[in-house]
Every structure is written in C-alpha cells, then in structure tokens.
Amino acid sequence: MHTEVLGVNFDNLNMDEAVSKAYELMEQRRSAYVVTPNPEIVWMCRDNAALRESVASADLVVPDGIGVVYSAKILGTPLKSRVPGIDLGTGLFKRIAETDKTLYLLGAKPGIAEKAAENITAQFPGIKICGTADGYFKDDAPVIEKINTVAPDLLLVCLGAPKQEIWMHSNAHKLNVGLMMGLGGVLDVFAGTVQRAPESWQKLGLEWLYRLIKQPSRIKRMIKLPLILFAAVGVRIRGKKA
Ligand code: UDP
C-alpha cells in the first residue's frame with residue numbers, strides 16, 4: 001500500500017516488512033532499486049524532474065526522516081514508521097551474512113568504501129563483500145563493467161542525492177545485480193568518518209538535530225524539514241476547505 005507525501009509515493013511498511021520486501025526484491029535478481037527519501041529529497045522532487053521520475057520508478061520507497069513521517073501525519077495519512085536507510089541496510093546485512101549472497105559497496109571518497117567494508121565484515125561475520133569502488137568517477141561504463149563482473153546480490157549506491165537515485169534509474173537496465181539501495185552518506189558512517197546520532201536521539205526523532213550540531217554547514221539542506229511540514233499543513237488546510 002502506498003502513502004503519498006507531497007507528490008512522493010511511499011511504501012507504508014515497518015522496518016521488518018521493509019527488510020523482507022527488500023530481500024524478496026534482491027532474490028528476484030532484476031536490478032530493482034530502493035530509494036530512501038528524507039525531507040530534502042521530497043523537496044528536491046518538486047523541481048527536479050529526473051529525480052522525481054527516478055523516485056517514482058523505484059521498487060521500494062521508504063521514509064528516511066522524521067520530517068516525512070510528521071508530514072504524513074499532518075496530511076491525515078500516517079506512515080507506520082520511519083525506516084532509516086542505514087537500518088534497512090543493516091537489516092539486510094544481517095540476513096545475507098547467513099547466506100552466500102554478496103555485497104558491493106559503491107560511493108564516497110577514495111578509501112572510504114574499503115574501510116567501510118572492513119568494518120562491516122567485522123560487524124557482520126560471514127558477510128561476503130565482493131567489491132568496492134569510490135563515488136568520484138567520470139564514466140559510468142567502467143564502473144558498471146566492474147560491478148557486472150562480480151554480479152553482486154546487493155549493491156549499495158552511496159553517491160548522495162539526487163545523483164544516486166538518477167544513477168540507479170538510468171543504469172538499472174545495464175546492471176547485473178539483485179537489488180540496489182541509494183544510501184547517501186552511510187559508507188562514511190560505516191567507515192567511522194561520520195558519527196551517527198546516539199540511539200536515544202534517534203528514538204526521540206532528533207537525528208537531524210545531532211547531524212546539524214556536528215555539521216552546522218548542513219543548515220541550508222536541513223531547512224527542508226520545516227519547509228515540508230509547512231507545505232503539508234498548507235495541503236491539509238486547502239484539502240479541508242475543498
Ligand atoms: N558522493 C560520491 N560521489 C559524488 C558526490 C558525493 O560518492 O559525486 C558521496 C559523498 O562522498 C558522501 C555521500 O555521497 O559519502 C553523500 O553523503 P551525504 O551525507 O551528503 O548524504 P546523506 O546521507 O545526507 O543523503
């Protein structure tokens with residue numbers, strides 16, 4: 001079932017359901033892809049047609065941000081829960097570590113994916129990482145060829161938004177992978193170069209505030225959080241009047 005938040009259709013699933021759905025897609029091996037829009041991505045979809053189409057064509061769309069969950073509530077169509085992309089990713093890591101399925105890490109600055117691979121291997125014993133590549137490449141073709149040589153079951157595409165969503169959409173038909181996930185800065189988190197908010201902050205829905213304190217330069221990007229809440233209030237009021 002889909003829930004629309006300001007023009008973006010989300011799958012209304014809790015974390016366990018989202019992990020199961022992603023696993024199912026991975027097993028179908030048809031280069032399906034997952035997007036995890038936060039308020040910034042929802043906002044960008046309003047005037048970036050390529051991003052809007054890439055998000056609309058995704059096989060799984062989960063809300064990675066408390067702002068999206070609040071907006072859905074304001075609109076009168078609540079979502080079951082927030083599904084942070086990093087948690088969806090680790091949910092799948094846990095499951096694939098017990099199988100012979102393979103993981104490929106694409107994105108971030110040179111050296112980061114390798115460090116992330118080391119830490120993921122330590123955290124999820126048994127996981128099979130079949131390749132890594134940094135996210136600062138000019139041509140897609142050699143990267144796609146490298147990925148297709150090992151044909152991973154799960155490919156993390158961590159190029160930041162909107163690049164990663166558009167990249168997955170435009171290259172899906174050339175790729176031989178099970179499932180792709182667009183996960184922004186998660187390789188930096190796994191590599192240990194960026195810290196995630198403590199669990200208590202996450203539970204309070206304050207992960208955005210923690211990121212803002214750690215990286216004040218993100219203020220321009222984070223302003224999208226209140227903007228989508230105001231937009232949701234506007235839609236709700238207009239809807240009620242109508
Ligand atoms: N990145 C990349 N290639 C690019 C631009 C960005 O690999 O051409 C990486 C960047 O190094 C970082 C990630 O994409 O690891 C974006 O992280 P950010 O924190 O902006 O994403 P968020 O988690 O906020 O979506």
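What follows draws every value from the coordinates through simple rules; no lab data is involved. This is a predicted model, so every value here is computed, not measured. Cβ: placed from backbone, ideal geometry, glycine included. Neighbour counts: every protein chain shown.
Normalising the average separation of contacting C-alpha pairs (under 8 angstrom, six or more residues apart) by the number of residues puts the relative contact order of the chain at 25 percent. Extension gain for ASP140 to ALA50 (0.36 nm times residue separation, less C-alpha to C-alpha distance): 30.7 nm.
Straight-distance candidates among the lysines for linking to LYS109, with alpha-carbon spacing under 20 Å and chain neighbours fewer than 8 residues away dropped: LYS138, LYS146, LYS163, LYS214. Ignoring everything except DSSP H segments at least 4 long, calculate the 222 nm mean residue ellipticity for the chain; use -39,500 (n - 2.57) per segment, divide by total residues, nearest 500. After summing the helix terms and dividing by the residues of the chain, the value is -15000 deg cm²/dmol. Projecting label points 7 angstrom from Cα along Cα→Cβ for SER81 and ARG29 puts them 3.2 nm apart.
The label point for TRP201 and the one for ASP16, both projected 7 Å from the Cα toward the Cβ, are 2.9 nm apart.
Relative to the longest principal axis of the Cα atoms of the chain, the long axis of helix 85-97 lies at roughly 30 degrees.
In plain terms, the residue of SER54, SER170 with the fewest other Cβ atoms within 10 Å comes first and the most crowded comes last, giving SER170, SER54.
Relative to the dominant Cα principal axis of the chain, helix 15-28 is inclined by about 50°. Note on the chain: dipole from Cβ charges, positive end direction compared against ALA161, ALA116, ASN176; the farthest Cα belongs to ALA161. Report, in whole Å, the centroid distance computed from the Cα atoms of the stretch 171-185 and the stretch 1-34. If we compute the Cα centre of each part, the gap is 14 Å. For ASP64, ASP139, ASP188, the sequence from fewest to most other C-beta atoms within 10 Å is ASP139, ASP188, ASP64. For the pair LYS174 and LYS109 in one chain, pulling the backbone fully straight at 0.36 nm per residue adds 21.0 nm over the alpha carbon distance. Cross-link partners of LYS174 among aspartates and glutamates, defined as those whose alpha carbon lies under 17 angstrom from its own and excluding same-chain residues fewer than eight positions apart: ASP59, ASP139, ASP140, GLU145, ASP153, GLU165. Here the average projected area of the convex hull drawn through the C-alpha atoms of the stretch 94-170 stands at 5.1 nm². Dipole size of the chain about its Cα centre, with +1 on Lys/Arg Cβ and -1 on Asp/Glu Cβ: approximately 1000 debye, rounded to the nearest 20.
When CYS130, CYS158 are sorted by how many other C-beta atoms sit within 10 angstrom of their C-beta, beginning with the fewest, the order is CYS130, CYS158.
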